[in-house]
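A.B. asks: Got a structure for you, questions after.
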Amino acid sequence: MFELVGMSSDDYSVESIGQLPPDLFAESCQQVMMHLQGQIPGVDTAELCERFQKAGVQLNLEAVEKIVNIVLFLFRTATKSNWTAGQLVTKLAEGSSKWSKPALQVIQQIWNEQGKLLQSQEDPSRMITVGQLVDFQWKLAMAISSDTCRSLNYPYISMTLKVANSSGQITSKSFEMTIPQFQNFFRQFKEMAAVLETV
């Protein structure tokens, strides 16, 4: 276990970081930095997982989410504590022997290049965000049959939302609605739009 200002994580997650080629880990860190700087709404962990697997790194989505959470926490902590890149890397190395040298070099390089941008922000609490809708897709479909009914022929709306959660990870949420449910949903959106126009 390593601890850094109250956070602990299992060595397996740190070892998972060590499995990543330095360029892919640097890309992950870069996305975290962009999120913390407010340039992107979150880090798409499903997309990162796919990129890792294409590069031959066999990590599942949960492992990738843990990696992103660790990097988010490290950069937020380093910002709040006003650490230099050397101090951050020293704290990590002291906290766990499982950190690989290439991973520590990537963290040091990214923090050297961009850490000052985060530290110079007027309000570090700005880095803590609430969930944000990133993408919204829907389609009309027809349910033809089910386990209990051979012939349904019932229309429904299938919706997929991409949401950046408060920890900065982008997740997809899918659900289905009947036509009356969708009409009610649409009516509520129109009411929200009308209220927003008055603000």
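A.B. asks: Quick one: would you say Ala143 is among the hydrophobic types (A, V, I, L, M, F, W, C), farther than 16 Å from Ile40 by Cα, modelled with pLDDT of 85 or more and open to solvent by 20 Å² or more (accessible area, probe 1.4 Å)? Working first, answer last.
C.D. replies: Working: among the hydrophobic types (A, V, I, L, M, F, W, C): yes; farther than 16 Å from Ile40 by Cα: yes; modelled with pLDDT of 85 or more: no; open to solvent by 20 Å² or more (accessible area, probe 1.4 Å): yes.
So Ala143 fails the test.
A.B. asks: Condition first: touching a Ser or Thr at 6+ places or on another chain (Cβ under 7 Å) and closer than 14 Å to Thr171 by Cβ. Now tell me which residues in region 47-65 satisfy that.
C.D. replies: Leu48, Leu61, Val64, Glu65
A.B. asks: When you check Gly42 against the structure, is it touching a Pro at 6+ places or on another chain (Cβ under 8 Å) and modelled with pLDDT under 90, yes or no?
C.D. replies: It is false that Gly42 is touching a Pro at 6+ places or on another chain (Cβ under 8 Å) and modelled with pLDDT under 90.
A.B. asks: I would also like to ask the following. Can you go through Ala103, Ala26 and tell me which one is more than 27 Å from Ser172 (Cα to Cα), aliphatic (A, V, I, L, M) and either in contact (Cβ under 8 Å) with a residue 12 or more places away in the chain or in a helix (DSSP H, G or I) (or both)?
C.D. replies: Working: Ala26 fails: more than 27 Å from Ser172 (Cα to Cα).
Within the list Ala103, Ala26, the selection yields Ala103.
A.B. asks: Can I ask one more? Please go through region 122-140 and pick out each residue that is modelled with pLDDT under 75 and either small (Gly, Ala, Ser) or part of a strand (DSSP E or B) (or both).
C.D. replies: Matches in region 122-140: Ser125, Gly131, Gln132, Leu133.
A.B. asks: Tally up the residues in region 32-46 that are touching a residue at least 24 places away in the same chain (Cβ under 8 Å) and assigned to a helix (DSSP H, G or I), please.
C.D. replies: 6
A.B. asks: I would also like to ask the following. Determine which single condition Ser97 fails, assuming it passes every other condition in (1) outside any loop (DSSP other than H, G, I, E, B); (2) at pLDDT 80 or above; (3) not aliphatic (A, V, I, L, M).
C.D. replies: For Ser97, the failing item is (1).
A.B. asks: Sticking with this structure for a sec: Can you say whether Leu72 is aliphatic (A, V, I, L, M), touching a residue at least 60 places away in the same chain (Cβ under 8 Å) and either open to solvent by 40 Å² or more (accessible area, probe 1.4 Å) or under 18 Å from Gly115 (Cβ atoms) (or both), as far as the supplied structure shows?
C.D. replies: Working: aliphatic (A, V, I, L, M): yes; touching a residue at least 60 places away in the same chain (Cβ under 8 Å): yes; either open to solvent by 40 Å² or more (accessible area, probe 1.4 Å) or under 18 Å from Gly115 (Cβ atoms) (or both): yes.
For Leu72, the condition - aliphatic (A, V, I, L, M), touching a residue at least 60 places away in the same chain (Cβ under 8 Å) and either open to solvent by 40 Å² or more (accessible area, probe 1.4 Å) or under 18 Å from Gly115 (Cβ atoms) (or both) - is met.
The values are calculated or read from the model by the stated rules, or taken from the named source; none is laboratory data. Given the structure is predicted, the values throughout are model-derived calculations rather than measurements. Because the Cβ atoms are built from the backbone with ideal geometry, glycine has one as well, and the counts that use them run over all protein chains shown. Calculation scope for accessible area: heavy atoms of the full protein, side chains included, ligands and nucleic acids excluded. Shrake-Rupley method; radii C 1.70, N 1.55, O 1.52, S 1.80 Å.
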